[in-house]
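Coordinate-derived values only; no laboratory data. Keep in mind the model is a prediction, meaning the values are calculated, not measured. Here the Cβ positions follow ideal geometry from the backbone for every residue, glycine too, while neighbour counts run over all protein chains shown.
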Amino acid sequence: MSDTDTRYELPVTGTTLLGYVVRRMHKTQLLLPVEGLIAQQNTSEALAKIAMYAITSLTSFGRAYYQPRFDAVGDEVSEADPQTGALVKAKLNADSPTYLISYSASMPNGDLFSGREEIRGTTLGLRGLGMPAPSWLHFKSGGYSAELTGIVTSELVLSIIGRTRIRAHGFLIFNDSARNTGKVTVDRNNRIKLEVNKRHVHDINLVDTARLKTDG
């Protein structure tokens with residue numbers, strides 16, 4: 001992920017928090033191989049793809065061009081991912097005492113990724129402004145399903161020369177209906193580490209987006 005990604009997520013025309021979340025989730029090409037992997041009974045690899053999408057759909061890395069506008073409770077934004085046609089929706093369910101956002105990505109083949117996150121305020125530290133967001137995520141494809149939970153913190157790194165940046169760090173633990181389990185983490189250096197069934201699957205820097213989108 002790079003400034004190109006955040007320029008898309010924060011378009012020059014401006015956007016709201018929900019609009020940003022929807023654009024942040026426009027990485028659904030990572031889910032395209034899942035149906036075929038399940039059909040091949042390669043559920044561990046399918047789960048790895050789902051986990052990779054989940055952690056990247058919760059994160060941004062790059063220039064913070066502006067602060068998105070706030071939405072009203074009950075507002076909903078939907079926009080198709082231009083790469084896949086998947087319809088992504090996000091809704092603000094509450095704004096007090098915490099922000100509660102629910103969302104979904106409906107794939108053209110009927111697969112569904114859905115979930116919610118709770119933004120529990122802002123923390124101030126030496127590394128910047130942090131917004132921890134516990135998340136609960138679900139994926140379903142036919143009779144197969146997966147559950148993912150964890151906390152990803154978005155961080156605003158301030159700069160006095162006008163190059164404030166966004167980054168994220170955190171983790172998700174996950175399991176599926178085929179009894180696979182695993183964990184994925186993302187750190188402040190854009191690096192993802194992913195394990196399924198205690199087997200190392202990925203250790204990748206998000207700047208390498210071409211590999212992220214195509215590797216198995």
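Brief remarks follow.
- Note on SER145 and ALA94: their simple-model spin labels are 2.3 nm apart, each label 7 Å out from Cα toward Cβ.
- Around the amide H of ASP71, modelled in the peptide plane, lie the amide H atoms of LEU17, LEU18, all under 5 Å away and 5 or more residues distant in sequence or on another chain.
- Coarse-grained scattering of region 59-166 at q = 0.09, 0.15, 0.17 Å⁻¹, given as base-10 log I(q)/I(0) from a Debye sum over alpha-carbon atoms: -0.30, -0.79, -0.98
- The calculated P(r) of region 2-94, using every Cα pair and 10 Å bins from 0, goes 16, 41, 29, 12, 2 in percent.
- Helical runs (DSSP H, four residues minimum) scored at -39500 (n - 2.57) apiece and divided by the length of the chain put the mean residue ellipticity at 222 nm at -5500 deg cm²/dmol.
- Residue with peak Gaussian network fluctuation, the chain [Cα springs, cutoff 10 Å], from MET25, MET52, MET131: MET131
- Neighbourhood charge, 11 Å Cβ-Cβ cut-off, centred on LYS183 and excluding it, Lys, Arg +1 and Asp, Glu -1: +1
- Point-charge dipole on Cβ atoms (K/R +1, D/E -1) for region 8-106, about Cα centre, debye to 20: 200
- Amide H partners (placed H, <5 Å) of GLY182, local residues excluded: PHE174, ASN197
- Ordering of 144-157, 178-191, 63-76 by burial proxy (mean other Cβ atoms within 10 Å per residue, highest first): 144-157, 178-191, 63-76
- Lys pairs under 15 Å by Cα in the chain, provided they are eight or more residues apart or on distinct chains: 9
- Dipole magnitude of the chain about its Cα centre (Cβ charges: Lys, Arg +1; Asp, Glu -1), debye to nearest 20: 520
- Extent along principal axes [Cα atoms of the chain; Å; largest to smallest]: 51, 34, 31
- Scalar couplings 3J(HN,Hα) for region 163-178, obtained by applying the Karplus form with A = 6.51, B = -1.76, C = 1.60 to θ = phi - 60°, are 10, 4, 10, 9, 8, 8, 8, x, 8, 9, 9, 8, 7, 9, 6, 9 Hz; x denotes Gly and Pro.
- Full extension of the chain between TYR8 and ASP203 yields a length gain of 67.7 nm, computed as 0.36 nm times the residue separation minus the alpha carbon distance.
- Principal-axis tilt of helix 43-57 within the chain, Cα atoms, nearest 10 degrees: 10
- For TYR144, residues with placed amide H under 5 Å, excluding near neighbours: none
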